[in-house]
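Derivation of every value follows stated rules applied to the coordinates shown; laboratory data play no part. Please read all numbers here as calculations on a predicted model, not as lab measurements. Glycine also receives a Cβ, built like all others from the backbone with ideal geometry; neighbour counts cover every protein chain displayed.
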Amino acid sequence: MSQTERQNDILSLVRRQGFMTIDELARRFAVTPQTIRRDINALSEASLLRRYHGGAGLQSNVENEAYASRQVQNREAKRRIAEELVKHIPDRSSLFINIGTTTEAVADALDRHRKDLRIITNNLNVATRLSAREDFQVIVAGGLVRSRDRGIVGEATLDFIEQFRVEYGIIGISGIDVDGTLLDFDYREVRVAKAIIAHARHVFLAADHSKFGRDAMVRLGGIDQVTALFTDQDPPDTIREAMAVHNVALYLPSD
């Protein structure tokens, strides 16, 4: 196992368990505690987890990771999720796309594979990617532009979204709790996401496996409010059970 693979696995374990000791990680990966300490230091410096005495835990649930870090984290998984999701978006559809690096990957896949779309977004990165297409009509919400990720939030954004009724709402999320609760960090972003859910006939949630069990402070809703979850690995049993109860479809990349 390479250093990068081990560090990705360490990150997944910490996110799933909440906290892992250095000794537990050393036994699991059959390496020395010193090697694990170096891995934890590297992940901590990248703001992916928090270093504690004797182990590693999650970052604060009140602030998301830096946008630059999220852009490179699980990039291939996000690409594969996006490729699967756009198979379920017909040409000549209307859709919402919200803030997030996974939804930006979906925008890239839509650009590659779909035509004649009507897109409403509060994500300037998505608008920039798609507005060059002559057969795409891109409508950008008004509001406050966050400098850290070019997402648009606020009362004006909410009012704007509520004017529309579209076929598909494509949303990202910061965390999915073990009971299927959808979590995020910014209450203003959550309010817009709630409006997207309420004004779309079908809601597609795009989230890679690192979001399972991840904590965040603001509750968006429940897994029962989405039509389908697009992810790269099987969710934990408790999330799958919640999905089954509410007939939420699960899609994994086929490539």
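Report, by chain and number, residues whose modeled amide H sits under 5 Å from the one on S93, excluding near sequence neighbours (fewer than 5 apart, same chain).
HN-HN under 5 Å from S93: R118.
Would you kindly state how much longer the chain becomes between E241 and D215 on full extension, computed as 0.36 nm times their sequence separation minus their alpha carbon distance, in nm to one decimal? Mind showing how you got there, number by number?
Numbers: separation 26, 0.36 × 26 = 9.36 nm, distance 1.94 nm.
Answer, rounded to one decimal: 7.4 nm.
Which value, in debye to the nearest 20, describes the size of the charge dipole of the chain about its Cα centre when Lys and Arg Cβ atoms bear +1, Asp and Glu Cβ atoms bear -1, and nothing else is charged? Walk me through the intermediate numbers first.
Working: 34 positive and 36 negative charges, 71 e Å.
That gives a dipole near 340 debye.
Which parts of segment 183-215 would a label at R28 reach, counting a residue when its backbone N lies under 18 Å from a point 7 Å out along Cα-to-Cβ?
What the label zone holds, given the 18 Å backbone N cut-off, is 209-215.
For the charge dipole of segment 189-253, defined by +1 on Lys and Arg C-beta atoms and -1 on Asp and Glu C-beta atoms about the Cα centroid, which residue among I223, V203, A244 has the Cα displaced farthest towards the positive pole?
So the residue furthest toward the plus end is V203.
So, in Å, what gap is there between the alpha-carbon centers of segment 73-88 and segment 145-194?
Rounded to whole Å, the Cα centres lie 19 Å apart.
Can you give the convex hull volume per residue for the Cα atoms of segment 108-255, as a whole number of Å³? Spell out each step's value before the answer.
Details: hull volume 16.9 nm³, N = 148.
Output value, Cα hull per residue: 114 Å³.
How big is the antiparallel share of DSSP beta bridges in the chain, given as a percent to the nearest 5? Working shown, then result.
Numbers: 15 of 38 bridges.
For the chain, the DSSP antiparallel bridge percentage is about 40.
In debye to the nearest 20, how big a dipole does segment 95-196 give about its Cα centre with +1 on each Lys and Arg Cβ and -1 on each Asp and Glu Cβ?
Numbers: 13 positive and 16 negative charges, 51 e Å.
For segment 95-196, the charge dipole is close to 240 debye.
222 nm [θ] for the chain, helices only, -39500 (n - 2.57) per DSSP H run of 4+, per residue, to 500? Please report the intermediate quantities before stating the final value.
Numbers: 10 runs with 102 residues, N = 255.
My calculation for the chain gives -12000 deg cm²/dmol from helical runs alone.
Based on the mean of other beta carbon atoms within 10 Å per residue, what is the order of 233-239, 172-178, 98-104, 197-203, most packed first? Before the final figure, lay out each step's value.
Working: 233-239: 15.7, 172-178: 22.9, 98-104: 25.0, 197-203: 17.7.
So the order, starting with the most tightly packed, is 98-104, 172-178, 197-203, 233-239.
May I ask you to derive the FRET efficiency for N41 and A249 from their Cβ-Cβ distance with R0 = 41 Å, giving the value to the nearest 0.05? Mind showing how you got there, number by number?
Details: r = 41 Å, r/R0 = 0.99.
E(calc), rounded to 0.05, equals 0.50.
Short version: ³J(HN,Hα) in whole Hz for each residue of segment 160-168, in order, from phi by Karplus 6.51 cos²θ - 1.76 cosθ + 1.60 (θ = phi - 60°), x for Gly and Pro, what are they?
5, 4, 6, 7, 10, 9, 10, 6, 10
With a cut-off of 8 Å between alpha carbons and a minimum separation of six or more residues, what is the relative contact order of the chain in percent?
Details: 513 pairs, mean separation 42.7, N = 255.
Dividing the mean separation by the residue count of the chain yields 17 percent.
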